[in-house]
Each structure stands twice: as structure tokens, then as C-alpha cells.
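Participant: First the structure, then my questions, so here it is.
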Amino acid sequence: MNWASCVAITSPTHWMIALQGTSARSASVFQSPTASSAIAVGNPARSADSRFYSPQKFNLLRAFLFEDPRATIPPVGYPIFDLSPSEDKESPKMYAQAMDELNDFFEIEWKLFRPRILIAPNRKILEEIREEETPDWVVGSTIGDRVVVLLSYEISKKGERTYIRSREDFYKLIKHELCHCFTSRVAGSIKPRWVAEGVSLYVADQIGRYPEPKKFLGFLDNNNIFQESGYVVDLLIKVHGKKKFLDFLHSLKNEKPPTAFKEVYELSLEYKTFDNLLSKVKKA
Ligand SMILES: [Zn+2]
């Protein structure tokens, strides 16, 4: 078996299995019955293909997926799974750059068991992975704190309402989705949505996709998340600095959002607070 065979998962069913396997550390490996060189990952209990289970392949795949240092195989390079037949030489560079910049922003060193990027060659496969239909503008999503699923650049930019128009936009998409993995790692997985989207929009330099709000009206109630939360994070960092913002993220792991916010900023988590920050910045 060579590494190329690991990316040759062509059946959407196996794709779905592969993805479920990556989010559970107890992944197992199957040889696809339809493509002799293909490997899929999954939970034997959930798969009809459990007769293809092999502990040896599990070890290899664990090494491949999680960069497990205990596995006795050579390093595999960039953990990007490209399902399309085309050779994408840009994404590995983008991954490396985004990881460097995100480690820098979050002031951590995420070097092992890094997030994986799965590039779906078409929307059908993206939807199989997400297990739901997706509107035209959805070109990426994150599952847990380890797996990022993207629609390929070539397909993304063809969407009518997509914001992906250039490689630079695609880079921002990669960084945005990887940032969700970092936020989950730092702030825990049960964080408010505005925090997750806000920090991703901020870090990936995507705030300008939406006009600046004159007043904050929805993000705390899970409305206008994309329109408001990037500006919310921008304001917090502009006025109170990045260190405090990171403190806030870290404290979300143990505290409810209003408590964490109050402790770090000595302000209450309500719209008025952010309207005040906005007028403060406007006056300056
Ligand atoms: Zn997002």
C-alpha cells in the first residue's frame, strides 16, 4: 500500500464513513470492495463493510490521520486529503501558512495531531459529509476540532453566490475553517456561535464582506451572526487588546459566556456594551 491509495476514496459512502472515523479516535480501516486500492475509515459497528476490517491498516491510518508518533511509518507531509483527480499544489502551501499564522494569533504551538483538510470534488460529496443539503454559498465547514471539509477551489468559485473569486479568497476560507479548530481547542466546543464565527472572520480578514453595523441587534441571540460577530471581535481587540481577548477565549472553557466576559472585561455581555465600544472607536 502506498500513501496515494489513502486519498483514493471515490465512493461517497466510504467518504462519509471516513469522516465519522476521523472524529472518533477509535477509527478503524476498511478496504473498499469497489476500489481495490482505496481505504476508508470508520466504526465497524456502523459499517456494512466490517468484514474488511484489519488492525494493521488501522495502525497505518491512525498514523496518517493523527500523525501518531507511536506508529511506525514515515511522516506523511501535509494532511490534506484531496479527493479530486486534479493535482492541487497550492492548498498544502496555504495550509502551512494558515497554521503558522493561527499558531501565532492564538499563541499556541499546534504541531502534532493537527486538523485535517478534506477537499470534496463536488457538492454532492460535501453534502454527504455534512449529512444535509447546503446552499450555494456554503463552501466549507468544520467538524469537531480536527476536520475541515472544503469544496475544491475550482468548484467553489463557480457558485453563483459564492464569495470565492480568487486563490486569495480560498486561502481566507482555509484559514477561517482552520481557525474554528483552534477556537474549539482553546475555548472548548460549547462556545457561543458569535465567538466562533467572530474570531474566524477577524483572523481570516473577512469582516469587510459585510457592511459595518451602526448598532448591534442580533448576535447574542444567534441572529446576524456573520454580519455582526466579526465586528464585535474587532472592537474587543481594538479597544481592549488581544491578550484580554485570548483570556476571554480560554475562560470560556470553564465559565458560561456572560460570567467569562464579566470576569475578563468587567463589562456585561449585552448589546449596549458593544454599541458603547463602537461609539468609543468612532470618536477616537
Ligand atoms: Zn465559520
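Participant: Please indicate, with yes or no, whether at least one residue in the range 127-142 is out of contact with any strand residue (DSSP E or B) (no Cβ under 9 Å at 6 or more places or on another chain) and under 29 Å from TYR265 (Cβ atoms).
Facilitator: no
Participant: Here are some residues: TYR163, TYR202. Which one is within 13 Å of the ligand (Cβ to nearest atom), in contact with a Gly (Cβ under 9 Å, 6 or more places away or on another chain) and of a type in the set (Phe, Trp, Tyr)?
Facilitator: Numbers: TYR163 fails: in contact with a Gly (Cβ under 9 Å, 6 or more places away or on another chain).
After applying the criteria, what remains is TYR202.
Participant: Among (1) surrounded by 13 or more Cβ atoms within 10 Å (Cβ to Cβ); (2) closer than 22 Å to CYS179 by Cβ, where does ASN222 come up short?
Facilitator: Every listed condition holds for ASN222 apart from (1).
Participant: Only one of GLU101, GLU127, GLU107 is at pLDDT 95 or above, surrounded by 13 or more Cβ atoms within 10 Å (Cβ to Cβ) and out of contact with any Phe, Trp or Tyr (no Cβ under 9 Å at 6 or more places or on another chain). Can you tell me which? Spell out how you get there, then give the answer.
Facilitator: Values: GLU127 fails: at pLDDT 95 or above; GLU107 fails: surrounded by 13 or more Cβ atoms within 10 Å (Cβ to Cβ).
That would be GLU101, the only listed residue that is at pLDDT 95 or above, surrounded by 13 or more Cβ atoms within 10 Å (Cβ to Cβ) and out of contact with any Phe, Trp or Tyr (no Cβ under 9 Å at 6 or more places or on another chain).
Participant: Based on what the data block shows, is LEU126 assigned to a helix (DSSP H, G or I) and within 12 Å of the ligand (Cβ to nearest atom)? Spell out how you get there, then give the answer.
Facilitator: Working: assigned to a helix (DSSP H, G or I): yes; within 12 Å of the ligand (Cβ to nearest atom): no.
Answer is no for this residue.
Participant: Which one is farthest from the chain's Cα centre (by Cα) among residues in the range 255-284 that are without any contact (Cβ under 8 Å) to a residue 24 or more places away in the chain and outside any helix (DSSP H, G or I)? First the steps, then the outcome.
Facilitator: Taking the range 255-284 first, the residues without any contact (Cβ under 8 Å) to a residue 24 or more places away in the chain are 255-256, 258-264, 266-268, 272-273, 276, 279, 282-284.
Of the ones still in play, those that are also outside any helix (DSSP H, G or I) are 255-256, 266-268, 284.
Values: GLU255: 23, LYS256: 23, GLU266: 31, LEU267: 30, SER268: 29, ALA284: 35 Å.
That would be ALA284.
Participant: Note down all Cβ pairs under 6 Å where the first residue falls in the range 87-105 and is farther than 17 Å from THR183 by Cα, the second is assigned to a helix (DSSP H, G or I), and they're at least six residues apart or on different chains.
Facilitator: MET94/TYR171; MET94/ILE174
The values are calculated or read from the model by the stated rules, or taken from the named source; none is laboratory data. Because the structure is a prediction, the values reported are computed rather than measured. When we count neighbours, we look across all protein chains shown, and the Cβ atoms used for this are built from the backbone with ideal geometry, even at glycine.
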